[in-house]
Structure formats: structure tokens, C-alpha cells
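Note sheet for the following structure.
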Amino acid sequence: MPTITYRDALNQALREEMHRDPAVFLMGEEVGVYQGAYKVSRGLLEEFGPMRVVDTPIAELGFAGIGVGAAMVGMRPVIEFMTWNFALLAIDQVVNSAAKILYMSGGQIPVPIVFRGPGGPALQLGAQHSQALESWFAHVPGLKVVAPATPYDAKGLLKSAIRDGNPIVFLEGEMLYNTKGEVPEGEYTIPLGSADVKREGADLTLVCHSKSVAVALKAAEQLQHEHDLAAEVVDLRTLRPLDVATLVASVRKTNRCVVVEEGWPLGGVGAQVVDELQREAFDDLDAPILRVTGADVPMPYNKHLERAAKPGPDRVIEAAKRVAYREG
Amino acid sequence: MATRVVMEALSPTMEEGRIARWLKKEGDAVTTGDILAEVETDKAIMELQARGEGVLRKIVVPEGGTTPVGNVVAVIAGADEDVSSAFDTTAPAAKAPAAPRPAGPPAAPVVPVVPVGRVRASPLARRLASEKGLDLQVIHGSGPGGRIVKRDLATAAPVSPAGLGGGEGWEDVPLTQIRKTIARRLGQSLGPVPHFFLTAEIDMERCAEAREALNALGEGRVSFNDIVIKVVAMALLQHRECNAWWQDDHIRYFNEVHLGMAVAVDDGLITPVIRQAHRKSLRQIAEEAVALADRARTRRLTPDEYTGATFSISNLGMLGIDEFTAVINPPEAAILAIGAVTPKPVAADGAVTVRRRMRVTMSCDHRVIDGATGARFLQTVKRMLENPLAILW
């Protein structure tokens, strides 16, 4: 099986879906001539031409709105935001138009659109360009929110997102584009709304998504070798709808849970996970569920402070030991 | 920093307290742990301790004043410190001290407090314990704050169904369907505690002889009441089914006997408890009963001395009552009312003779005890009193 990068996996998904359905087109800043700020759209302008790979001015609200309009009349736009930080300018189109038009038209006008781009804290980009905003979008009924962690998941989920027919917020990990993984040749899709057990374990469950999956896997490795604790790593993959059944099944087995995410604590994705688990798996819990989140501050630029503000494996290990009553 | 001295909850049911006496006056230096005042609660006179140090700057509630639990009664602070902020002006003012307390209804029966604290256990540990029949009360918790977690259950042994006289203090037995039905039906009929009554007349001749012989030793006095306490405790050991608490969804059967004895006090009654009565000699019981009754009448009992009885006795014999019924003190399942020992004509061996007799009436909570169950217990009590050597048997 070929090993490719996360960015190339996304590129494959776009190419395959554009071949499959002539209604699919890509629009955003620098997606054409420059081949994408993160090179996700490499070769697509050449292959599909400027009618289907459209460079836009720096006007997020405008091209997001054009995308929504195109979707309303039957196209399947993929709107690339250079990063989700810039998408804040377009959030009215995402939240107030894309998410609501099917409902407000009495079910007459579907909006099959994918908003995609990199998100999550990066490296020394400062407070305005380094943040995890997925819980903002996961809050909104009418949207589906996807945050893949691996090249395999990125490709399979993007293909499903483009075909889904609902407005999708697709958050790629800015720090994940260069990561590599096995991706089979040929057609496959991954259904939205299904979590994935990335590592099996019996002692505790680590719930994570996007880049925090790598953090959790690293912590799990160390927990196994240094603390004799077998952590099961559950990658949410889709944040809305949430795959509660997989979460509950894992916690039924392990009785303990730590939720890891890069976002801020209040109202975070992990808060929702804890809510579901305390209700659905109450009698299976042997310890309070703990959360490891980004620090509740704007992301510092200073390298050391930035490292301290991100949820690293050390903090996950510490929380894992606490839920397993192994502290001290 | 100024320390507010507040009226503390000195008994489980206390809602307000009356300052019986200030032992410190304004201007006195106090250190933590000093007794500041004596407080009359709904049950007893208790001591109010200082929880800070400095000078007793201000007494807010004077002697004789009554105030709800939680209200400021005094302020402790440094000698020169500004204490104006320590007064909670929003709290209701203390009631005027002068008015004598109206002669209200007798004190409510003391509700025993479960002698151990709330069990802390993870939800999983609770579920597993219930599935395996483990008693969380006796399992040591290794988690934070003593929380019982899954791993603590691995070594725990199931509660033995026999249990009687075993190492543990009690056994909780889930209600059978018939017990549930009895509880529901009789609760509708007779109120929340469906009482029924069993009376027996007991020949006390041999008890009286034994008592006279013991008192003749000149080593302290033993009363009929002491003998009854001892006999009831020993009989309960044989009839655990009457040594129980109704606990709504289960019955708690005790393997130990903590015997409450109702004592009349000025404006009500209180039930001090002779703990482990089944293990105590008649001499110990006699001494303890006198001491407890004395402390009850002077309202000096501490809460742990009047809570936690597994069975109670009420004796009005000394007031010349032949026979009466006593009201059960929930959650206990029964109470035994003791009448006077009086000489009566009795038919024996075809002739009428005069013998000392005593009538006892057992009030039973029908949710726990059935007629025959109570009767068998009373039979044992009667047999032991009519042949006091059986106490040793």
C-alpha cells in the first residue's frame, strides 16, 4: 500500500471527486495558479481548468457566499479557506446561510457544500493564527463537522463530505499536512459520524481528534511502556454528528476516560464527550472523566509558552494516571 | 483577622440554639479550642468552642438568647482590630432572651444517625458491588478521599448470609416480594410505621430472688430494668429478625445489640443507648444505665450517646403502670414497653398463689416483624426472665 502525505491524500480525494462529478468545483485564495497555500490543490488547475479551480480575491465572506449560492442551484462547491482563522470573516455565510437554508426553505433547497482548510494551533504563528475553532462549528445544527487525523481518514472522509449533500465544515490539521500514512490505491470512502479506534487498550480510553490523535498515541505508547497502562485511543474523526456508540463501547470496556483536544476548555468538544459518557456510561465509570485541553489563553507567540499552552503527551499521561488511580 | 463565632449545629436535628451561659466575657483572650459558651440544643447542653484566636471582642447573642444555626453569636479578633465588617447585618436578629420558652410538644423522637459516614464509591464500584453482593460499608477505598474503586472490590468477600454474631456489625437484606406487599398494604392501613402489639405476662419471682441476692453482695445496685436490658440484649442475639432497621428498600439486620432506653426528662424524653449491650455484664449495664439516665436528665448527653440504637426499651414500671404500649422510634423495628413488677394472684399447680408478675408489650413494625416472629422473641425474653440463669446459658 502506498505511503503518502496527508496533503496528497486530500489532493487525491479532490481529484477523484472532480472526475466523478462535474458539479464539483474548488474555489478559494491561491488554490489555482499557486496550487494552494499548503499545496493541497497541486495540479488541479492544470487538470480541470479555471472554470473548476477558481482563484478568488482576499474576500472570505464573498467567496463563501458565492459558494453557498452555487450549492443552492445544484453545484457541489468545495470552498478552501487559507486557514480557519480567516474563515471567521465568512462565518455568517457558514452559520447563517449554509447551515440554515435547508431548514428555512422547508426542506426545498439543500446546500451541498464543503468548507475546508487548515485549523488548529500551529508553530509560533501568534494568537490570531493559531487556534482550534472546531467547537464553534460543532455547535451549529445543520452543519456536519469533520476533523481527520491521518492521510487515510483525510481522503476517505473528504470524499464522503463532498458527496454528502449537507454543508460540511472540514477541518484539516495545519500541522498534519506533512505527516505520512498508508492510503490504498483505488476508491474508498469513510462514512461521516463514525469514530475509529486507533489503538486498543483495556485500562483507559483516550478520546481525541485531529492532531491530538498523535498526542494521544504518543502518550499511549509511553503509558504502556513506563506505567503498564493499556490506553485505548478513540479518534472521533467526525465531531458532528458524534459517534456516541463507539465512545460508550470503549468506556464500558476500560471504565476510565481522558478527553484530549487542542481547543479551549469551556464549551469544548471534550465537554460534549464528557456529557454523553456520564449519562450513557454512568455505571461503568470508575473515575471522573478528565479533560486535557489547550490552555485557557490566547496562544502565546513565545516558543516555550506556546509549548506549555498546548496539550502535550506529558499532560495526557498525568491525566491518564489520575483516572487509573496511579498518581504518586 | 476577625473570626465570627456562629451558632453551630451541635446535634443532628438542631435548627437553633440557646446560649445557656457564656464562659468567656467580652475582652477575654481566647485561643482555638477554648470553650466559649454552653449551648442548649434540642437535645442537650453542648459546648461551643472557639475556632480562632484573639480577644472575644463582642458578644452578639446574650445569655438566654436563641438564634438559628449559622448566625453570628460573637466575634473574636485582635485587640485593636476593626470588627465592624464581621457583623452580618443581613442575618435575622437573635430572639429576645427574656421570654420563657413555651411548653411545646415533647421533643420529637430522636432519629438515629447511621453510625458510619456516607460511602464514597465510583459508579462502577457500586454496580459491581451490588452484582457480587459485596457490602460497600466494610470495604476500604483506595481512591482519593477514600473512594472505593474497582480494584478495591477484587479482595472483598461477599456478605455471609448467616451473619449472626459474625465480625460485621449488620447485614442489609433486600426486601422480598411478600415483605414489600406487607409494607405497602399495612403502611396504607396504619400510617407510615404500621405498629402491632404483643403482650406477655412474665413471672418475676426468680428474677426478684436473683436481684435480691445480687444486691445483698453490697457491690452496687441492680434494678429490674437492668435485668430486662440484659435479657432483651441476649434474646435479640438469638432473634436477629427483631434487631433491625427498616430502610425503605431493604432491612438492616444487626449482629450487635445497641439498646436504647427511654428516659423521661423535664420537657420530653430521650433515648440514650447502651452500646454492645449483649457483651456487657449486668454490673456494667447497671452502672452505665444509671450514668446515662443521669446525663440525660441534666441534658449532658452527646449526640453519639443517644443515636444508633438497634432496639429500644421503655419502662414506666417505677411509675406504677401495669401495662402500656410504646411508640416505635424509627428506623428501629420494635420497642418493648415494661410495666411494673407487682404481686398478683396466680393459679399454679391447681392452687392460687401470690407471685410477682410483670407485663411487657412489644410494639412491632409489621413491615419488618410478623406476629409470630415477635411472639417467638417475646417467648425467649419470658423464658430467660423466668429462669435468669439462662442469661449465662
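Read-outs throughout are calculated quantities, based only on the coordinates presented, and are distinct from any laboratory measurement. As the structure is a computational prediction, the values presented were derived from the model and not from experiment. Positions of Cβ are backbone-derived with ideal geometry, glycine not excepted, and every protein chain shown enters the neighbour counts.
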Dividing the convex hull volume of the Cα atoms of region A:200-253 by its residue count, what figure in Å³ per residue is obtained?
52
With labels modelled as points extended 7 Å from the Cα through the Cβ direction, what inter-label distance (nm, one decimal) is found for B:ASP322 paired with B:ASP266?
3.5
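Pairs of alpha-carbon atoms within less than 8 angstrom and 6+ residues apart define the contacts here; what relative contact order does region A:1-92 have, in percent? Can you show the working numbers first?
Numbers: 117 pairs, mean separation 28.4, N = 92.
Dividing the mean separation by the residue count of region A:1-92 yields 31 percent.
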Karplus ³J(HN,Hα) for region B:2-8 (6.51 cos²θ - 1.76 cosθ + 1.60, θ = phi - 60°; Hz, whole; x = Gly/Pro) runs 5, 10, 7, 9, 10, 5, 9
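Where Rh is the Kirkwood radius over the Cα pairs of region A:1-115, the temperature 20 °C and the viscosity 1.002 mPa s, what D in µm²/s does Stokes-Einstein return? Write down the numbers at each step before the final one.
On the way: Rh = 14.5 Å.
Using the Kirkwood radius from Cα pairs, D works out to 148 µm²/s.
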Using Cα-only point scatterers and the Debye equation, what is log10 of I(q)/I(0) for region B:244-324 at each q in 0.18, 0.24 Å⁻¹, rounded to two decimals?
-0.82, -1.20
Helix hunt in chain A: which complete DSSP H runs extend at least 24 Å axially by C-alpha with mean Kyte-Doolittle at least 1.6?
none
Calculate the radius of gyration of the Cα atoms of chain B to one decimal place, then report Dmax, the largest Cα-Cα distance, as a whole number, both in Å.
25.2, 90
Tell me the relative contact order for chain B as a rounded percent, counting alpha carbon contacts under 8 Å between residues six or more apart.
16
Could you name the aspartates and glutamates whose alpha carbon sits less than 14 Å from that of B:LYS58, not counting residues in the same chain fewer than 8 places away?
B:GLU26, B:ASP28, B:ASP80, B:GLU81, B:ASP82, B:ASP88
Using the crude model of +1 on Lys and Arg Cβ and -1 on Asp and Glu Cβ, and no other charge, please compute the dipole size for region A:3-182 relative to its Cα centre, in debye to 20.
300
Any idea what angle helix B:205-216 forms with the longest principal axis of chain B, computed on alpha-carbon atoms, 0 to 90 degrees, nearest 10?
50
Non-local amide H neighbours of A:GLU232 (under 5 Å, H modeled in plane, Pro and chain starts lacking H): which ones?
A:GLY201, A:ASP203, A:LEU204, A:THR205, A:LEU206
Where only alpha carbons of the protein assembly as shown are counted, the Rg and the Dmax (Å)
38.4, 128
Dipole of the protein assembly as shown, positive end: most advanced residue of A:ALA138, B:ASN255, B:ALA375 [Cβ charges, Cα centre]
B:ALA375
Is there a pair in B:LYS150/B:LYS180; A:LYS39/A:LYS155; A:LYS198/A:LYS218; A:LYS180/A:LYS218 whose C-alpha atoms are over 23 Å apart, and which pairs would that be?
B:LYS150/B:LYS180
Two decimals is fine: what's Rg over Rh for region B:3-86, C-alpha atoms, Kirkwood radius as Rh?
0.95
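What value in Å³ per residue do you get for the convex hull of the alpha-carbon atoms in region B:170-392?
Working: hull volume 30.0 nm³, N = 223.
Measuring per residue, one finds 135 Å³ for the Cα hull of region B:170-392.
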Using modelled amide H (1.01 Å from N, peptide plane; none on Pro or chain starts), what sits under 5 Å from the amide H of B:THR3, excluding residues fewer than 5 places away?
B:ILE76, B:ALA77
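Hey, fewest Cβ within 10 Å first, where do B:PHE324, A:PHE137, B:PHE254 land in order? Spell out each step's value before the answer.
Working: B:PHE324 18, A:PHE137 27, B:PHE254 24.
Starting with the residue having the fewest Cβ neighbours, the order is B:PHE324, B:PHE254, A:PHE137.
Taking neighbour Cβ counts within 10 Å as the exposure measure, how do A:THR83, B:THR199, B:THR176 sort from fewest upward? Don't skip to the answer; put the middle values down first.
Values: A:THR83 22, B:THR199 14, B:THR176 10.
Listing A:THR83, B:THR199, B:THR176 from fewest to most nearby Cβ atoms yields B:THR176, B:THR199, A:THR83.
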Taking amide H positions as placed in the peptide plane 1.01 Å from N, state which residues far from B:ILE251 in sequence (5 or more) or on other chains have amide H under 5 Å from it.
B:VAL173, B:LEU175
Would you compute, for the Cα atoms of region B:318-393, the largest minus smallest coordinate along each principal axis and list the three values in descending order, in whole Å?
44, 32, 24
Give the cross-link partners of A:LYS100 among the lysines, using a straight C-alpha distance below 16 Å as the criterion and excluding same-chain residues fewer than 8 apart.
A:LYS144
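Evaluate the charge dipole of the protein assembly as shown about its Cα centre and quote only its size in Debye, nearest 20, assuming +1 on the Cβ of each Lys and Arg and -1 on the Cβ of each Asp and Glu. Working shown, then result.
Values: 78 positive and 89 negative charges, 283 e Å.
Roughly 1360 debye for the protein assembly as shown.
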Taking the Cα centre of chain A as the origin, how large is its charge dipole in debye, to the nearest 20, when only Lys and Arg (+1) and Asp and Glu (-1) carry charge on their Cβ atoms?
200
Degrees between helix B:282-297 axis and first principal axis of chain B (Cα, 0 to 90, nearest 10):
40
